[in-house]
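Data first, discussion second: the structure below is written as C-alpha cells.
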Amino acid sequence: MAIIIDGRATAAIIKDEVKSGVTDFVKKYNRSPALAVILVGEDPSSKIYVGNKIKACEYCGIESFSYKLEETATEAEILELINQLNNNNAVDGILLQLPVPRHLDEYRLISAISPYKDVDGISVYNLGGLLSGGKNVLSACTPTGCIDLIKRTGVDIKGKHAVVVGRSNIVGKPVAIMLLNENATVTMCHSRTVDLANITRQADILVVSIGKTNFITADMIKPGAIVIDVGINRTENGLKGDVDFEAAKEVAGFITPVPGGVGLMTVAMLMKNTLLAAKLKDNNG
Ligand code: NDP
C-alpha cells in the first residue's frame, strides 16, 4: 500500500514560506509583490483555476490584478494588454491562463510576456534557461511542483529511471529536463510510443501528464515506484487523474491523489515565482 503524497499539506507549507517572504519584502521595499492574471473566455475549469490563484495571492499578501476578456478577444487586444503590463512597474508577474480560445496563437501570446514577468515559467527564455541550467530563471510551476513532491518523499532521484508520459511544453518536457538535471535517467513517452506499459513498468519514478482519466493502470506500475499524477480530468464522479488511483496505490510506493496532489503545488509555485520575480526586479533596480 503506497504512501499518499499530500500535495495539500506541502502546498500549504510553501504558501506559508512565501507569505513570510512577502512580509520581509514589504518591509524592505515598502510595497507588495503583484501578479496580473489574464483570463480569456468562459472555460469553467480556467475560471476555477484563476479563482484559486487569486485566493492564494490574498493568502500570501501578494496583490492581484485580474483581467477577464471576452471569448472573442483578438490577439491584438491581448498583446496590447500584455504590453501594458510588461511596462507597468507595479506588476511583477503576468499569468495568461491556458488554454486560450482556439482562434488565438498561444505561443505568440506567451512569447509576448516579458521573461522577467513570466511567472508560469513557460516562455522560451525561461524554458531555455532550464535547458541550459541558468540561474535566476523562473521555473515552470507544475513541473517544479512535481520535483518538489518527489524530493519530499526522501527518495534520492539520482540514478533512478524516471519515465515521463506526455510531452507538453508546460509539463512533460520541462519535468523531464528537471529530472535529468537531478541526475535521473529519463525516458519520455507520448502518443506514438510503442508498448507504453513495458516502459512505464521500468519506472522508479513515473510522472504522467496526458489528460486521460485512469489511463495508467496498476499493471503498468513497477512495485514501489513513485507515481506523480498531473492529470486533472472532470468526470461525472468528480475530478480524476490520469492514473487509476485506487488500484495503483496498492502497487506504488508513493502516489499523488487527484485532487489534493500536483494541482495545489502549481498554485503554490506560482506564488513562489511571483515573489522571486519581484525580488529579482528590485535587485536589478
Ligand atoms: P497536453 O494535453 O498538451 O498533451 C497531452 C500529452 O499526452 C501529449 O504529449 C500526448 O502525446 C500525450 N498522450 C496523449 N494520449 C496518450 C497516450 N495514449 N499514450 C501516451 N501519451 C499520450 O498535456 P498537458 O501536460 O498540458 O495536460 C495533461 C493533463 O494535465 C491534463 O489533464 C491537464 O488538465 C493536466 N494539467 C494539470 C496541471 C496541474 O496543475 N496539475 C497543469 C497542467 C496540466 P502527443 O504529444 O504524441 O500528442
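The values are calculated or read from the model by the stated rules, or taken from the named source; none is laboratory data. Here the structure is a predicted model, which means the values were calculated and not measured. We place every Cβ from the backbone using ideal geometry, glycine too, and count neighbours over all the protein chains shown. Ligands, DNA and RNA are excluded from the accessible area calculation, which covers all protein heavy atoms including side chains. Shrake-Rupley method; radii C 1.70, N 1.55, O 1.52, S 1.80 Å.
I'd like to know if region 145-167 contains one or more residues that are closer than 22 Å to Asp92 by Cβ, open to solvent by 10 Å² or more (accessible area, probe 1.4 Å) and of a type in the set (S, T, N, Q). No: region 145-167 contains no residue that is closer than 22 Å to Asp92 by Cβ, open to solvent by 10 Å² or more (accessible area, probe 1.4 Å) and of a type in the set (S, T, N, Q). Here the condition is being within 16 Å of the ligand (Cβ to nearest atom), of a type in the set (Lys, Arg) and in contact (Cβ under 8 Å) with a residue 40 or more places away in the chain; of Lys173, Lys160, it holds for Lys173 alone.
Of all residues in region 139-157, those satisfying the criterion of being on the phi < 0 side of the Ramachandran plot and more than 16 Å from the ligand (Cβ to nearest atom) are Lys151, Arg152, Thr153, Val155, Asp156, Ile157.
Report, ordered by the first and then the second residue, all pairs with beta carbons closer than 6 Å, sequence separation of six or more or different chains, a first member in region 218-238 that is at positive phi, and a second member that is surrounded by 12 or more Cβ atoms within 10 Å (Cβ to Cβ). Here the result reads Gly224/Gly253, each pair linking region 218-238 to a residue that is surrounded by 12 or more Cβ atoms within 10 Å (Cβ to Cβ). Residues in region 127-138 that are open to solvent by 10 Å² or more (accessible area, probe 1.4 Å), outside any helix (DSSP H, G or I) and either assigned by TED's automatic domain parsing to the domain that holds Thr213 or aliphatic (A, V, I, L, M) (or both): 1 in all. The single residue among Gly166, Gly133 that is at pLDDT 95 or above and small (Gly, Ala, Ser) turns out to be Gly166.
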